[in-house]
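Presented below is the structure to which this report refers.
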Amino acid sequence: MSLKFDFKTLEQPFEADWPVIVPVPQDGGGVQDQEMTVRFRTLTPEEIETVDKDKIDPGAAKLRLAIVDVRGETFSAELVEKLLARGYVYMALLKAHAKFVLGQPAKN
């Protein structure tokens, strides 16, 4: 059952806690799924335009703005940079953020 869309929500920023499943590489070629909870926010059209101009890595630039908190950790810009520096974490964050922005369920 769906609810009637709340148009008032379009007038304010939107944030939500969102699960991020990180497939952490293991010896022998496998991965172990580890979960963290990240608070994402939607970006304004102006912010999106600015980060899309980042020729080096617009995905990382977008995540730097969209990540509001990492639940259970002391949040800082340095923490975000450490997360983005690991390829498997970076890709997990990109996928989770895309689902958040598109309104797709985080888990199947």
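The values are calculated or read from the model by the stated rules, or taken from the named source; none is laboratory data. All of these numbers come straight from a predicted model, not from anything done at the bench. Just so you know, the surface numbers come from the protein's heavy atoms only, side chains and all, with ligands and any DNA or RNA stripped out. Shrake-Rupley method; radii C 1.70, N 1.55, O 1.52, S 1.80 Å.
Percent of Cα-Cα pairs per 10 Å bin, from 0 to the last occupied bin, for the chain, please list those.
Going out from 0 Å in 10 Å bins, the chain shows 13, 43, 31, 11, 2, 0 percent.
Between the stretch 17-33 and the stretch 72-108, what is the separation of their alpha carbon centroids in Å?
Using only Cα atoms, the two centres lie 12 Å from each other.
Given C-alpha coordinates of the stretch 27-80, what is the ratio Rg to Rh with the Kirkwood estimate of Rh? Present the calculation step by step, with values, prior to reporting the outcome.
Working: Rg = 14.3 Å, Rh = 13.1 Å.
A ratio of 1.09.
Students sometimes get this wrong: rank K55, K8, K107 by accessible area, probe 1.4 Å, all chains present, largest first. Write down the numbers at each step before the final one.
Working: K55 180, K8 155, K107 115 Å².
Sorted by accessible area, descending: K55, K8, K107.
Report the residue, chosen from I56, I67, I21, that carries the largest GNM mean-square fluctuation when the chain is represented by alpha-carbon nodes joined by springs under 10 Å.
I56
In the Gaussian network model of the chain, springs joining C-alpha atoms below 10 Å, which of E73, E47, E15 carries the largest mean-square fluctuation?
E73
With springs only between Cα atoms under 10 Å apart, run a GNM on the chain and tell me which of P58, P23, P45 wobbles the most.
Its mean-square fluctuation being the largest, the pick is P45.
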